[in-house]
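S.K.: Got a structure for you, questions after.
Every number here is computed from the coordinates shown, using simple stated rules; none is lab data. Since we're looking at a predicted model, the values are computed, not measured. Counting neighbours? That spans all protein chains shown, and the Cβs are built from the backbone with ideal geometry, glycine included.
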Amino acid sequence: MQHNEIPARHKSVSYAKWGYIFLIPFFLSFCIFTIIPLGRTFYYSTFEYFRSGLKTIGPTPVGLRNFVEIFSKADLGKYLWNTLWLWLLGFIPQIIVSLVLAVWFTDTRLHLRGQGFFKTVIYMPNLIMASAFSMLFFALFSDGGPINSAMEMLRMQPYSFLRNVAGTRGLIALMNFLMWFGNTTIVLMAAIMGIDTNLFEAAEIDGTNAWTTFWHVTIPLIKPVLSYTLITSMIGGLQMFDVPQILTNGNGNPNRSCMTIIMLLNNYMGKSKNYGYGGALSVILFVITSVLGLLVYYVLNTDEREERKLEKRSRMGGVQL
């Protein structure tokens, strides 16, 4: 007697469903700690809401009056320029040095020894708290600090770093560079290591030198990571606070040339307890960051958009044929 064997049925696993389930904690925390506070910030930016001593004034709806007063009285353009300038002074050498080190460490032809040691050393400043870094630089470069004492011993003219605009801005840029170039190097190394080595071998067989390979092979293939690095660095630069706050004792001197937008926001929220002004300034910073981020993304991805347009036209031409 023959029995027909019934094949066992295996339940299919819905990976998409489990993916969404695992994403739920992130979306919940994002909504609770980001979306809701952001919405309340937009809401209170249209209110007169501050503290005067022990008395709380408001919240009273005032429309866009907070925004008008910030643009007319707060000298916002100067502080925005200070913030962008301080970020650029640190970011330009950071991206250049990081690119050089990333290419250097990932070049298999060099056979560098002790790469793990050097990678650890360049990343270590990123582990130091910005407040500790600022206090260290304040002690080193103050008028009576070791740097000026060493300059006097060498019969050089001492320099008041913290009393000159160039000196203070240079110290802030140097700290931002030292704290972040290691992290940027690691990110760019990961991007370069993801490139197919056959492309580099083909370029070498064609007789291209290292400089040509760098510009025509490496840079185009890591452009998405460069875009990510530039945008995230710009967002962090616009939110710069701890380094100039501690180095200048919160006043942004000399001549308020190192006062950033977040330091100005701290004056409204931390000292004067003006929640309406603080909310309006936060909204302005959010809009500026969004516009600059979209602009950078649009400029750096022009080639990809052109390629997609050409592919679309070619497909349409193929259909017509």
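S.K.: Please work out which residue is farthest from L174 (Cα to Cα), limiting yourself to segment 69-79 and to residues that are assigned to a helix (DSSP H, G or I) and among the aliphatic types (A, V, I, L, M).
M.R.: I70
S.K.: Run down N82, N66 and say which single residue is in contact with a Cys (Cβ under 7 Å, 6 or more places away or on another chain) and either in a helix (DSSP H, G or I) or more than 16 Å from Y268 (Cβ to Cβ) (or both).
M.R.: N82
S.K.: Looking only at segment 183-204, how many residues end up being surrounded by 13 or more Cβ atoms within 10 Å (Cβ to Cβ) and outside any helix (DSSP H, G or I)?
M.R.: 1
S.K.: Restricting the first residue to segment 101-123 and requiring it to be over 19 Å from W211 (Cβ atoms), which pairs with a second residue that is not hydroxyl-bearing (S, T, Y) meet a Cβ separation below 6 Å and a spacing of at least six or different chains?
M.R.: Listed by first residue and then by second, the contacts come to Q115/F105; I122/G182; Y123/G182.
S.K.: All but one of (1) more than 26 Å from I92 (Cα to Cα); (2) not in a loop (DSSP other than H, G, I, E, B) hold for G207; which doesn't?
M.R.: Of the numbered conditions (1) more than 26 Å from I92 (Cα to Cα); (2) not in a loop (DSSP other than H, G, I, E, B), the odd one out for G207 is (2).
S.K.: Please go through segment 170-207 and pick out each residue that is of a type in the set (F, W, Y) and under 15 Å from I219 (Cβ atoms). Walk me through how you get there before you give the answer.
M.R.: Start the filter on segment 170-207 by keeping residues that are of a type in the set (F, W, Y), which leaves 177, 180-181, 200.
Within segment 170-207, just F200 meets the criteria.
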